[in-house]
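J.: Handing you a structure now.
The values are calculated or read from the model by the stated rules, or taken from the named source; none is laboratory data. Owing to the predicted nature of the structure, the values given are computational and were not obtained by experimental measurement. In this analysis, Cβ positions are derived from the backbone assuming ideal geometry, glycine residues included, and neighbour counts consider all displayed protein chains.
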Amino acid sequence: VDISHFVTRPPVVTIMGHVDHGKTSLLDKIRSSKVASGEAGGITQHISAYTIEQSGQKITFVDTPGHAAFSAMRARGADVTDIVIIVVAADDGVMPQTEEVISHAKASGCPIIVAVNKMDKETANMDMVKAQMAEREMTPVDWGGDVEFIGVSAHTGMGIDDLLENILLQAEILELKADPKAKVKAAVVEASLEKGRGPVATVIVQNGILRLGDNIVCDTTYGRVKAITNDLGKPVKELGLSETGTVLGLNEVPAAGAIMVGQDSDKEARDIATKRAEHARAKELSKSTKVSLEEMSGLIAEGKIKQLPVIIKTDVAGSLEAIKGSLEKIQNDEVKVKVVHAGVGGITESDLVLASASEGCIILGFNVRPTGSVKNKAKADGVTINTYSIIYDLIDDVKDALSGMMS
Ligand code: GDP
Ligand code: MG
């Protein structure tokens, strides 16, 4: 690989948090205070991704429709995010969805920055938030941990510069590189069918440059780029590294998380997409992707995997702690249990998505069940859910799997 063309690319940042803690407000405030003043007034509609400039450096922000969507994209192979911002309202503190977000963010392996929002409120309590987060292994830097907490207000704009400077610092550590001369590769963050325009995909360029006229294949869809608009809605001829905008010209609507790749000819693009569509149909028919605890046990016995990722859901906090504690203790020298997420409550779609995003991950329920629709979706997605009503049965199953004795 010739690396001589590699350049530093801007970081891509995803904002997640409990509902109403201010994700959208924060994104809007950052955008309106950081785009060139002439254009600021023109921004009316909320879009799913945009790029700003801070201290002469670019940062791209993505607003996911939720943390489940974030992990769903990762499950599809679209690791667009470099840095995760977890928003916590300074008056509310950690809420159930904040806990889910922490698990999703940790599973992604991205560096995390905590933005403590609504600091303008009289009831704001930074120390409370820090304490609650520290309890969840998110210890603030000033408490001896490694997570930056930045107090912000999406209403007054306070702390936003601080937040952006912190993002740039993290980005520097990550040394994000890409090759503008490479074949274009872009991730779809959102896509829809628009009247009179056809399939419209909002993308973030991950490598190369996306240009008008490019032949592209995007999962099972393909086409030729016939129009591009940038994040301000203006028609442009190209999108550069980490830049975002919408693309017209695909034959069908791709899924969020699909990767768009440039091809040498339109025939090549069509052939690849067609083959993939056939393959996807065949796979759909066979549905053999499901990994059971028995199969994981077999893989462990063969030494092919070193850890068993699990998600634990229980009816009450007491049993959650007991199960989590026991599972983390049963490890021999080579293999161990990795608790991807542990929470109280029924098995939800968010759990499924998180499981799909971590290879071989199994959901263990104690005295809780998936609802009908979640059960069906698990089947379709190939995610194993094992439910138990006796703690020892659950622990014994996992023990057996770890020692490779189930197969
Ligand atoms: P989201 O659900 O996380 O996207 O939250 P929104 O951005 O929709 O905000 C939820 C509510 O909190 C709205 O009523 C906002 O006006 C309010 N809000 C958001 N940020 C702030 C802030 O910094 N200070 C105060 N006082 N209110 C805020
Ligand atoms: Mg919102």
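J.: Using the structure shown, decide if H67 is more than 20 Å from A201 (Cβ to Cβ), within 14 Å of ligand 1 (Cβ to nearest atom) and at pLDDT below 75.
T.: For H67, the condition - more than 20 Å from A201 (Cβ to Cβ), within 14 Å of ligand 1 (Cβ to nearest atom) and at pLDDT below 75 - is met.
J.: Residues that are within 16 Å of ligand 1 (Cβ to nearest atom), at least 2 per element: which strands (runs of 3 or more DSSP E) completely within region 144-254 meet that?
T.: 148-151
J.: Output yes when any residue across region 228-237 is under 22 Å from the mean Cα position of the chain (by Cα) and among the polar types (S, T, N, Q), and no when none is.
T.: no
J.: Any idea which of (1) crowded, with 23+ Cβ neighbours inside 10 Å; (2) in contact with a helix residue (DSSP H, G or I) (Cβ under 7 Å, 6 or more places away or on another chain); (3) of a type outside the set (A, V, I, L, M) is the one W143 doesn't satisfy?
T.: Condition not satisfied by W143: (1).
J.: Also: Tell me, which helices (runs of 4 or more DSSP H) wholly within region 349-407 include 2 or more residues that are at positive phi and either at pLDDT 85 or above or in contact with a Lys or Arg (Cβ under 6 Å, 6 or more places away or on another chain) (or both)?
T.: none
J.: For I15, are the conditions met, namely being in a strand (DSSP E or B), away from ligand 2 (no atom under 16 Å from the Cβ), at pLDDT 90 or above and not polar (S, T, N, Q)?
T.: no
J.: Another question, then. Return the residues of region 1-33 that are within 16 Å of ligand 1 (Cβ to nearest atom) and of a type in the set (D, E); say none if nothing qualifies.
T.: D20, D28
J.: Being of a type in the set (D, E, K, R) and either in contact with a Leu (Cβ under 8 Å, 6 or more places away or on another chain) or within 20 Å of V383 (Cβ to Cβ) (or both) is the filter; apply it to region 325-372 and report the residue that is surrounded by the most Cβ atoms within 10 Å (Cβ to Cβ).
T.: Among residues in region 325-372 that are of a type in the set (D, E, K, R) and either in contact with a Leu (Cβ under 8 Å, 6 or more places away or on another chain) or within 20 Å of V383 (Cβ to Cβ) (or both), the one surrounded by the most Cβ atoms within 10 Å (Cβ to Cβ) is D351.
J.: Follow-up question, since we're still on this one. Of the residues V116, V80, V101, which single one is outside any strand (DSSP E or B), of a type in the set (V, I, T) and farther than 20 Å from Y50 by Cα?
T.: The match here is V101.
J.: I've got another one for you. Taking the residues in region 302-314 that are out of contact with any Asp or Glu (no Cβ under 8 Å at 6 or more places or on another chain), at pLDDT below 90 and of a type outside the set (A, V, I, L, M, F, W, C) as candidates, determine which candidate is surrounded by the most Cβ atoms within 10 Å (Cβ to Cβ).
T.: The extreme case among them is Q307.
J.: Here is a further query. Please determine, by comparing only the residues of region 114-152 that are within 16 Å of ligand 2 (Cβ to nearest atom) and touching an Asp or Glu at 6+ places or on another chain (Cβ under 8 Å), which one is farthest from D91 (Cα to Cα).
T.: Only one residue fits best here, namely V152.
J.: Of the residues A90, A115, A107, A131, which single one is touching a helix residue (DSSP H, G or I) at 6+ places or on another chain (Cβ under 7 Å), more than 20 Å from D20 (Cβ to Cβ) and either among the aliphatic types (A, V, I, L, M) or within 16 Å of ligand 1 (Cβ to nearest atom) (or both)?
T.: Exactly one of A90, A115, A107, A131 is touching a helix residue (DSSP H, G or I) at 6+ places or on another chain (Cβ under 7 Å), more than 20 Å from D20 (Cβ to Cβ) and either among the aliphatic types (A, V, I, L, M) or within 16 Å of ligand 1 (Cβ to nearest atom) (or both), namely A107.
J.: Among the residues of region 248-268, count how many are aliphatic (A, V, I, L, M) and more than 16 Å from T220 (Cβ to Cβ).
T.: Final tally of qualifying residues: 1.
J.: Here's a follow-up. All but one of (1) of a type in the set (K, R); (2) outside any helix (DSSP H, G or I); (3) without any contact (Cβ under 8 Å) to a residue 40 or more places away in the chain hold for K130; state the number of the condition that does not hold.
T.: Failing condition for K130: (2).
J.: Are any residues in region 164-189 at pLDDT 95 or above and in contact with a helix residue (DSSP H, G or I) (Cβ under 8 Å, 6 or more places away or on another chain), and if so, which ones?
T.: Answer for region 164-189, where residues must be at pLDDT 95 or above and in contact with a helix residue (DSSP H, G or I) (Cβ under 8 Å, 6 or more places away or on another chain): just L164.
J.: Please go through (1) over 20 Å from A317 (Cα atoms); (2) touching a residue at least 12 places away in the same chain (Cβ under 8 Å); (3) of a type in the set (D, E, K, R) for K375 and return the number of the only condition it doesn't satisfy.
T.: For K375, the failing item is (2).
J.: Okay, moving on. With the requirement that a residue be closer than 18 Å to A72 by Cβ and touching a Lys or Arg at 6+ places or on another chain (Cβ under 8 Å), what does region 207-236 give you?
T.: D219, T220
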